[in-house]
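Enquirer: Could you have a look at this structure, given as structure tokens, before my questions?
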Amino acid sequence: MENQNEKILEKILNEEKRSKRRMYYYTSIPLVITVVLIMVSYITVNNANKEVKILRIEKAELNASNEKLSKEIQLKSDSLANLMELAVNYKNKRYEFNYAIDKQLYSRYPKQTEMLSEMRGMIQANKVKWHLGGNSPELGFDSPSFASFVINRHSKTRIDANERYKLRELLPSTQIPQVGDVVFYEHGYAMLYFEYRNEPFVVGMTPLGLASLQFDFGPKLLGFGKVTY
């Protein structure tokens, strides 16, 4: 009888233990869920804060880029307006030349004479126009682009399209220009140098189109670049 009572008591005790464990588990589940939710919320908020910081940085960079672009556009607009105004004043500085120059130059400067003859034909046809940033006869040229174009066609010197605005750095500097060299003026003019009866003149692209001009046609002279023929 005593053994039976002990077994019953042991069974009761074991059931109480199981009941306590179940109660512990049941009460722990909400706590675990709460902890998990807190962690998820923390990670979500932290990621959101990081994204907000990134967006703020990107916004600041975009604003700075827009401001820089606006300034560049304004500078280019002002520069183009100045070029157009100056070009109008260059109209009375044109240098008239004909085939007699070719006859004199060809024996000494055959490649340069071919270049000059081609440019004369372009001037007479009036088909090649000024186009800021242009790089082909169909689209048009600005001054450095046209100089690079004819140099590549008629000389041994080669100018890559993406380097046409670096002519002053690319071409060797010279103090005394020879026929076919490049003359650099302020406002971005890059003109080809020629002489006839010891009188220098230049040919190149201006905002009013392709033109032959007196050597001192207006803008400040900056230097000369050597071209190999």
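The values are calculated or read from the model by the stated rules, or taken from the named source; none is laboratory data. Model, not experiment: these values are computed from the prediction. As a convention, Cβ positions derive from the backbone with ideal geometry for all residues, glycine included, and neighbour counts pool all protein chains shown. To get the accessible areas, we keep the full protein, side chains included, count just its heavy atoms, and leave off ligands, DNA and RNA. Shrake-Rupley method; radii C 1.70, N 1.55, O 1.52, S 1.80 Å.
Enquirer: Under the condition of being of a type in the set (Lys, Arg) and more than 21 Å from residue 149 (Cβ to Cβ), which residue from the range 77-124 is modelled with the highest pLDDT?
Expert: Step by step, filter the range 77-124, then rank; the result is 108.
Enquirer: Give the range 93-147 a look and list any residue that's among the polar types (S, T, N, Q), more than 22 Å from residue 198 (Cα to Cα) and touching a residue at least 40 places away in the same chain (Cβ under 8 Å), or say none.
Expert: Hits for the range 93-147 are 126, 143, 145.
Enquirer: Another question about this same structure. Look at residue 135 and say whether it is of a type outside the set (Asp, Glu), surrounded by fewer than 16 Cβ atoms within 10 Å (Cβ to Cβ) and closer than 23 Å to residue 185 by Cβ.
Expert: Considered against the rule, which asks whether it is of a type outside the set (Asp, Glu), surrounded by fewer than 16 Cβ atoms within 10 Å (Cβ to Cβ) and closer than 23 Å to residue 185 by Cβ, residue 135 comes out as no.
Enquirer: Criterion first (over 21 Å from residue 229 (Cα atoms), open to solvent by 60 Å² or more (accessible area, probe 1.4 Å) and over 22 Å from the mean Cα position of the chain (by Cα)) does residue 153 satisfy it?
Expert: no
Enquirer: Have a look at 148, 173 and point out the one that is open to solvent by less than 10 Å² (accessible area, probe 1.4 Å) and polar (S, T, N, Q).
Expert: After applying the criteria, what remains is 148.
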